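Handing you this structure, nothing more for now.
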Amino acid sequence: MTPDINAKRLLNTFLELCRIDAESTRERAMADRLTTLLGGLGFTVHEDDAGARLGGNAGNLYATLPGTGPGETLLFSCHMDRVVPGCGVKPQLAGGYIVSDGSTVLGADDVAGLAAVLEGITLFREQGLPHPPLEVVFSVAEELSLLGIEQFNMKQLVSRCGFVLDAGGPVGEIVVKAPEQVRLSAVIHGRAAHSGIAPEEGISAIQIAATAISRMQLLRIDDETTANIGSIRADGPTNIVPDRCELSAEARSTDPVRLAGQVATMQQALEDAAMAAGGRVEISVRSNYRSYQLDSNSAPVRRADAAARSLGLTVRHRSTGGGSDANFFNECGIPTAVLCCGFEKVHTCEERMPVEQLTLLAQWVAAILSGGTEPLSPA
């Protein structure tokens, strides 16, 4: 039997949460509302100090609910923040989709996950259906390279089976493989000179950066590896040869060897260009999060797979080029699968959420809670 989701309530929750301003590091109103909603479901809710440490106004939410039936503790996680422009969202129905008015993102990434988790749990609470103990983590600053969850104290979690609702693609798809991301930052030093009177006495830091970039292999490297230059910054008048330039770049791969090789070639290109021009470069490299790969027999994949099939969904296990909070849960020894949420065109003002996919996502949560195969009682 398909879980009897209250589709109207689910839609209203989704619309309400979309209207709450929640750009990264400015999630206060969202955190307050979710704390109230979780408390109403019987959860004990704690907020950490991640916001203060990141210069934001809200921390990660960690909520626990005792079980009313057998089974090991399950973890559900979503992020509260959204990308810019994400304030003043005016969600509206357009055919079978929920969209913004076009001046902002919709915020379905990750409001769809938030609303689905709340609705799935609400169904069990209001019908008195048995469920295992639950842990919920709603993170801040996920859109800033997972900075929020990086501050979270993983040691307090007892779950060994987790689900992060935060990926595009049809409901029923399960992300089992995700990359490591390495951030490369460089400060290039040249020599200043008057660009009209004595340009030959100068060493252009911008030119060094341009030369290095021209020698890099970027964007799609192979099936598992990507690289990108995010920004080049140099401020100064046109009549001075720039003596300083800052560059930000990244590389990602699910293969650690390929990732290390890609980062090394990017570093070498910068060093060679600087040396040839008579300048110098300072490079820092930081891994923002680690890659993971789940076996099809791991607890979250088995449970999510069975739950999706019980709903008649088409199931596919796939990899992704993006990171999520699941990278940190898996790194800390909590097997965690990412559930695809059905949202489309995320991080753009054309973002949209199919209403049917939203309903299926909440049904999927409920089916996971039931064990994936056991039918739920009618309302």
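Within region 94-102, does at least one residue satisfy the condition of being among the aromatic types (Phe, Trp, Tyr) and open to solvent by 60 Å² or more (accessible area, probe 1.4 Å)?
The answer is yes; a qualifying residue exists.
Further question on the same structure: If Pro256 satisfies every condition in (1) more than 18 Å from Asn327 (Cβ to Cβ); (2) open to solvent by 30 Å² or more (accessible area, probe 1.4 Å) but one, which is the exception?
Every listed condition holds for Pro256 apart from (1).
Right, here's the next one. Working only within region 197-229, note down all residues that are open to solvent by 60 Å² or more (accessible area, probe 1.4 Å) and either closer than 18 Å to Glu282 by Cα or not acidic (Asp, Glu) (or both).
Ile197, Ile206, Gln207, Ser214, Arg215, Gln217, Leu219, Arg220, Asn228 - these are the residues of region 197-229 that are open to solvent by 60 Å² or more (accessible area, probe 1.4 Å) and either closer than 18 Å to Glu282 by Cα or not acidic (Asp, Glu) (or both).
Looking at Arg183, is it among the basic types (Lys, Arg), out of contact with any Lys or Arg (no Cβ under 6 Å at 6 or more places or on another chain), modelled with pLDDT of 95 or more and surrounded by fewer than 22 Cβ atoms within 10 Å (Cβ to Cβ)?
No, not satisfied.
While we're looking at this one, here's another question. Every residue in region 3-37 that is of a type in the set (S, T, N, Q) and open to solvent by 70 Å² or more (accessible area, probe 1.4 Å), please.
Answer for region 3-37, where residues must be of a type in the set (S, T, N, Q) and open to solvent by 70 Å² or more (accessible area, probe 1.4 Å): Asn12, Thr36.
Considering only residues that are over 14 Å from Asp49 (Cβ atoms) and assigned to a loop (DSSP other than H, G, I, E, B), look in region 139-156 and name the one that is modelled with the lowest pLDDT.
Ranking the candidates gives Ser145 first.
While we're here: Please count how many residues of region 305-330 are open to solvent by less than 40 Å² (accessible area, probe 1.4 Å) and under 19 Å from the mean Cα position of the chain (by Cα).
9
To continue, here is another question. Inside region 157-204, can you point out the residues that are among the polar types (S, T, N, Q), closer than 23 Å to Leu247 by Cα and not in a strand (DSSP E or B)?
Correct list: Ser195, Ser204.
If you scan region 38-60, which residues turn out to be touching a residue at least 40 places away in the same chain (Cβ under 8 Å) and either within 17 Å of Val84 (Cα to Cα) or surrounded by 19 or more Cβ atoms within 10 Å (Cβ to Cβ) (or both)?
Leu38, Phe43, Asp48, Ala50, Gly51, Leu54, Gly56, Ala58, Gly59, Asn60
Also, I was wondering about something else. Is it the case that Ala304 is within 24 Å of Pro179 (Cα to Cα), touching a helix residue (DSSP H, G or I) at 6+ places or on another chain (Cβ under 7 Å) and without any contact (Cβ under 8 Å) to a residue 60 or more places away in the chain?
Here the answer is no, as Ala304 does not meet what is asked.
The values are calculated or read from the model by the stated rules, or taken from the named source; none is laboratory data. Worth saying up front: this structure is predicted, and the values here are computed from it rather than measured. FYI the Cβ positions are ideal-geometry reconstructions off the backbone, even for glycines, and counts take in every protein chain you see. These accessible areas exclude ligands, DNA and RNA; they are computed on the full protein's heavy atoms, side chains included. Shrake-Rupley method; radii C 1.70, N 1.55, O 1.52, S 1.80 Å.
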